[in-house]
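Okay, so here's the structure we're looking at.
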Amino acid sequence: MTGLARTIARLGLVLSVALGSTAQAPSSTSAQAKAADDEAVLRAFSAINPIDVHVHVFKTDPAFQSMLERLNLKLMDILVMDDSNPHRKQLQPQIDDAQALVRSSHGHVALCTTFDPYEFGSASFSAGAIHQIDRDFAQRAVAVKIWKNIGMEIKDSSGQYVMADDPKFEPIYKDISAHGKTLMTHLAEPDVAWGPPDAADPSWSYYQENPQWYVANRPGFPSKQKILEARDHVLADNPKLRMVGVHLGSMERDLDNIARHLDKYPNFAIDTAARMEYLMLMPPEKVAAFLVKYQDRVLYGTDLDLHADANVPETLSEWQSTYARDWRFLATGETFTVEGKQVHGLSLPGPVLQKIFHDNAIRWIPGL
Ligand SMILES: [Zn+2]
């Protein structure tokens, strides 16, 4: 071990203790150096007062709270209705748990609520959804999420897949816009869900674990384009509605297409949640030019989660390495390895980082 390596390793240990790192003590020199490195990167990340606009937290936990305080981190906790997941089947218990988390977070967590789209067939669907989200707004919810079950799962009485531009949703969009709140849309899925199996795609493992969303070769299933066109109709019909298309607006492989959407719809922005790896695999000059040009339209998000039965130390360690990885990619010129591939940091200018990690969240999601 060189003197420098020893110093870095020792520094790593000291910083782990100082920052209260919950990670296991590193067992090798390189792991120690990596931990020291991550701690330094996380200090730079925390100095920008980062906001992660896309997380799913199902638990109130003191170690989690202290991580938020240590990183100066603010989160938007997003609710989702998913009838295939026992924890996401019922709406009100999710709202209650999330409100408890928000109240105990000392300002570190805000709520993005949702409504129950599985009620679509009921005659009082639109009015009921509006009543409930208005109540949540009164309790300081800052945004509303709609999810891929619209377009890909829920059907109307004639057996057709319900699209986001269905007239039944229109009064809900008008209500969100009238309250000055933001609509977060996760519509459609990555291209690979419609394509041939592709082990090299960053989302491929998700479809192995969740085959119900892998829709290639399903006769009669809507195309991705049709689902996104319905979303675009919502943008065109509601120019005063601020919409954040999460997961790079579901256009994860095509920066030019994202750019066309941002140019065409001034009320549209995107988040990076769970799609940073796609950006890491593209030519770095192209990604940097895109992020500089659209520096007012990209919000930082991760899609990290904390489940009720999670192993908290392990999960927190995953959160911190994700934040360190993303900061390394956007803010530094380092070369590093992700999933076996070399990634080059973009060294974005400070003012651009300030917008992506903080300012855009506040501007696009007022109340955060
Ligand atoms: Zn998510």
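Computed from the coordinates by the stated procedures, all read-outs in this text should not be read as laboratory data. Keep in mind that this is a model prediction, so the values were computed, not measured. Note that we place each Cβ from the backbone using ideal geometry, even for glycine, and neighbour counts take in every protein chain shown.
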Longest to shortest principal axis, alpha-carbon extents of segment 280-323, angstrom: 41, 20, 12
Separation of alpha-carbon centers, segment 47-75 and segment 189-221, rounded to whole Å: 31
Neighbour-count ranking [beta-carbon atoms within 10 angstrom, fewest first] of Thr29, Thr185, Thr335: Thr335, Thr29, Thr185
For segment 44-155, with +1 on Lys and Arg beta carbons and -1 on Asp and Glu, the positive-most of Ile48, Gly121, Gly151 along the dipole: Ile48
q = 0.11, 0.20 Å⁻¹: log10 I(q)/I(0) that the Debye formula gives for segment 225-368, counting C-alpha atoms only: -0.44, -1.28
Mean Kyte hydropathy of 1.0 or more with a Cα span along the axis of at least 15 Å, helices from DSSP in the chain: 3-18
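Mind checking the dipole of segment 248-326: about its Cα centre, +1 per Lys or Arg Cβ, -1 per Asp or Glu Cβ, Debye to the nearest 20? Walk me through the numbers before you get to the answer.
Details: 8 positive and 14 negative charges, 95 e Å.
Around 460 debye, computed over segment 248-326.
Work out the length of the dipole vector of the chain about its Cα centre, built from +1 on the beta-carbon of each Lys and Arg and -1 on the beta-carbon of each Asp and Glu, and round it to the nearest 20 debye.
On the way: 36 positive and 46 negative charges, 168 e Å.
Charge dipole of the chain: 800 debye, to the nearest 20.
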GNM top mover of Met81, Met152, Met282 - the chain, alpha-carbon springs below 10 Å: Met282
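What percent do you get for the relative contact order of the chain when only Cα pairs under 8 Å and 6+ apart count?
Details: 593 pairs, mean separation 66.5, N = 368.
About 18 percent, as a whole number.
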Reach of Lys155 by Cα under 12 Å, taken over aspartates and glutamates that are not fewer than 8 positions away in the same chain: Glu119, Asp166
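Packing-wise, with mean Cβ within 10 Å as the measure, how do 194-204, 52-62 rank, highest first? If you can, show how the numbers build up before the last one.
Working: 194-204: 14.3, 52-62: 20.4.
So the order, starting with the most tightly packed, is 52-62, 194-204.
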From the C-alpha gyration tensor of the chain, square roots of 5λ in Å: 35, 23, 20
Max mean-square fluctuation residue, GNM over the chain, Cα-Cα springs under 10 Å, options Phe221, Phe268, Phe357: Phe221
Cα convex hull of segment 75-192 - mean projected area over all directions, nm²: 8.0
